[in-house]
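**Q** If you scroll down you'll find the structure; I have some questions about it.
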Amino acid sequence: MNKAALNLFLQECAAVSLQNSMELEGGLASTLQKRHKIRDVDLKTIFQRADQDVSMLYSKIYLVTQLVIYSGAAYDPIGSLYAAAPGNLHNAQVKPHWDPGKFHSLGDIYEYEPMNLFPGWSLTNTRNQAYMLDPHKIFLHPNATISTDLHGELRAPSSEFTEGMHMARQLYKPDSDRLENRLSGHDLPGLTRQNSAYSAQLLAKESDMVDRLHHISGDNTSTHTKQDSVKLFTQLLKDLKATTQAGSKHYTDLIHSLTIQKFSVADAIFNEINKAKFHWDTNRGKIIQDIEGHLASIKNHTGGSFSMDLPCK
């Protein structure tokens, strides 16, 4: 993970630090790790399809923008990704919102975007691997500050104990009991448990994203007419705007929580997150304008047939 991205991830972790001892209870059966909201294996699937010999520019634009959406990225200039030759997307140079003054190779950073990461117990994560999305759960405290719920959300149907849980029961049964309660959906007294702003938006579109990923991962290609392409790019633009707004609110919530805790521009953590929000909004704004322009070009296409090929099952 790039040092600048790791720095922002750690700053975000600090901004949602645990405020009560009970938030840690029930964690003896697991270890703390960084977790992906969207599985890295799914990000690789989209990356590999965008890196293949896509013969049509709009097809490349569509797949690259899907990668940006799924990975939670905000890159500038986005055109360098469109122009990457087949097999060379890894080396395409972009400036991410977490390090706006420096170019990075896309292949080195897209799997570890801070917007797609959060801290949590590994136990829940390993039992959620059948799902594309691992939602980031937070606690809203009475004073309006926020903290990360390290237990996350148990989405897998299995409730079997892991070896770590058996060990926890032997070492300290109250901790194991608390873990079972939390995995069963029990909340903590006085705290409101909810999805983070970015995860809430992902959850709202989860079924559509899963279906889209299913098609992108296919071995065949499907040809789309101008009318079909307009629909695809219209939805692409809608998803891009929605995730952009959710990411912006993510940073707004962090800044608000820090402000309540008396942090200000005099503090490094406040400045890092404030800077990340500015460049997230700026970079995503440019990408939105770019897709708006491409959508207009497709709508206005005249003189000959129009088609766009995309992977499909």
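The values are calculated or read from the model by the stated rules, or taken from the named source; none is laboratory data. Computed from a predicted structure; not experimentally measured. Here the Cβ positions follow ideal geometry from the backbone for every residue, glycine too, while neighbour counts run over all protein chains shown. Areas reflect the complete protein model, heavy atoms only, side chains present, ligands, DNA and RNA absent. Shrake-Rupley method; radii C 1.70, N 1.55, O 1.52, S 1.80 Å.
**Q** For segment 50-99, treating each Cα as an identical point scatterer without solvent, what Debye log10 I(q)/I(0) comes out at q = 0.29, 0.33 1/Å?
**A** Log-scaled intensity ratios, in q order: -1.23, -1.42.
**Q** Do me a favour and compute the ellipsoid semi-axes for the chain from its Cα gyration tensor, root of five times each eigenvalue, largest one first, whole Å.
**A** Numbers: eigenvalues 279, 105, 54 Å².
The three semi-axes for the chain are 37, 23, 16 Å.
**Q** Which value, in nm² and rounded to one decimal, describes the direction-averaged projected area of the C-alpha convex hull of segment 3-62? Walk me through the numbers on the way to the answer.
**A** On the way: hull surface 27.0 nm².
Average of the hull's projected areas for segment 3-62 equals 6.7 nm².
**Q** Determine, for each peptide in 70-82, 296-308, 162-174, the mean count of other beta carbons within 10 angstrom over its residues, then list the peptides with the highest first. Show your work: numbers first, answer last.
**A** Numbers: 70-82: 22.4, 296-308: 11.6, 162-174: 14.2.
Going from most to least packed, we get 70-82, 162-174, 296-308.
**Q** Consider all pairwise Cα distances in segment 97-144 and report the whole-number % of them above 13 Å.
**A** The share of Cα pairs beyond 13 Å in segment 97-144 comes to 71 percent.
**Q** Between segment 31-95 and segment 143-205, what's the alpha-carbon centroid distance in Å?
**A** Segment 31-95 and segment 143-205 have Cα centres spaced 32 Å from each other.
**Q** Sticking with this structure for a sec: In the chain, which whole DSSP H runs stretch at least 24 Å along their own axis (Cα) and average 0.0 or higher on the Kyte-Doolittle scale? Please list the in-between numbers first.
**A** On the way: long enough: 226-260 (51 Å, -0.35); 268-299 (46 Å, -0.50).
In the chain, no H run is both long and hydrophobic enough.
**Q** Still on this structure: Report, in deg cm²/dmol and to the nearest 500, the calculated mean residue ellipticity at 222 nm for the chain, where each DSSP H run with n ≥ 4 adds -39500 (n - 2.57) and the sum is divided by the residue count.
**A** -16000 deg cm²/dmol
**Q** Rounded to the nearest 10 Å², what accessible area does Arg49 have for a 1.4 Å probe in the complete protein model?
**A** Here the accessible area works out near 30 Å².
**Q** Using a 1.4 Å probe over the heavy atoms of the protein chains, calculate the carbon and sulfur portion of the accessible area of segment 9-158 as a whole percent.
**A** 53 percent
**Q** Next up: Using just the Cα positions, wrap segment 148-284 in a convex hull and report its mean projected area in square nanometres, one decimal place.
**A** Quarter of the Cα hull surface area: 13.4 nm².
**Q** For segment 1-100, report the convex hull volume of the alpha-carbon atoms normalised per residue, in Å³, without decimals. Before the final figure, lay out each step's value.
**A** Numbers: hull volume 11.5 nm³, N = 100.
Output value, Cα hull per residue: 115 Å³.
**Q** Report the rotationally averaged projected area of segment 72-226 based on its alpha-carbon convex hull, in square nanometres.
**A** 13.8 nm²
**Q** Accessible area per residue of segment 192-313 at 1.4 Å probe, in Å²?
**A** Counting only protein heavy atoms, the per-residue value for segment 192-313 is 50 Å².
**Q** What number comes out for the charge environment of Met209, summing +1 per Lys or Arg and -1 per Asp or Glu over other residues with Cβ under 14 Å away?
**A** Working: positive: Lys37, Arg39, Lys205, Arg212, Lys238; negative: Asp42, Asp134, Glu206, Asp208, Asp211, Asp239.
Around Met209, the charge tally is -1.
**Q** If you don't mind, another one. Under the Kirkwood approximation for Rh and a Cα-based Rg, what ratio Rg/Rh is obtained for segment 136-211?
**A** The Rg/Rh ratio comes out at 1.05.
**Q** Further, regarding this structure: Averaging sequence separations of C-alpha pairs under 8 Å and six or more residues apart, then dividing by the length of segment 166-296, give the relative contact order as a whole percent.
**A** Relative contact order for segment 166-296 comes out at 25 percent.
**Q** Then there's this: Considering Cα pairs under 8 angstrom that are at least six residues apart, work out the relative contact order of the chain and quote it in whole percent. Provide the component values of the computation, followed by the final result.
**A** On the way: 472 pairs, mean separation 79.2, N = 313.
For the chain, the relative contact order is 25 percent.
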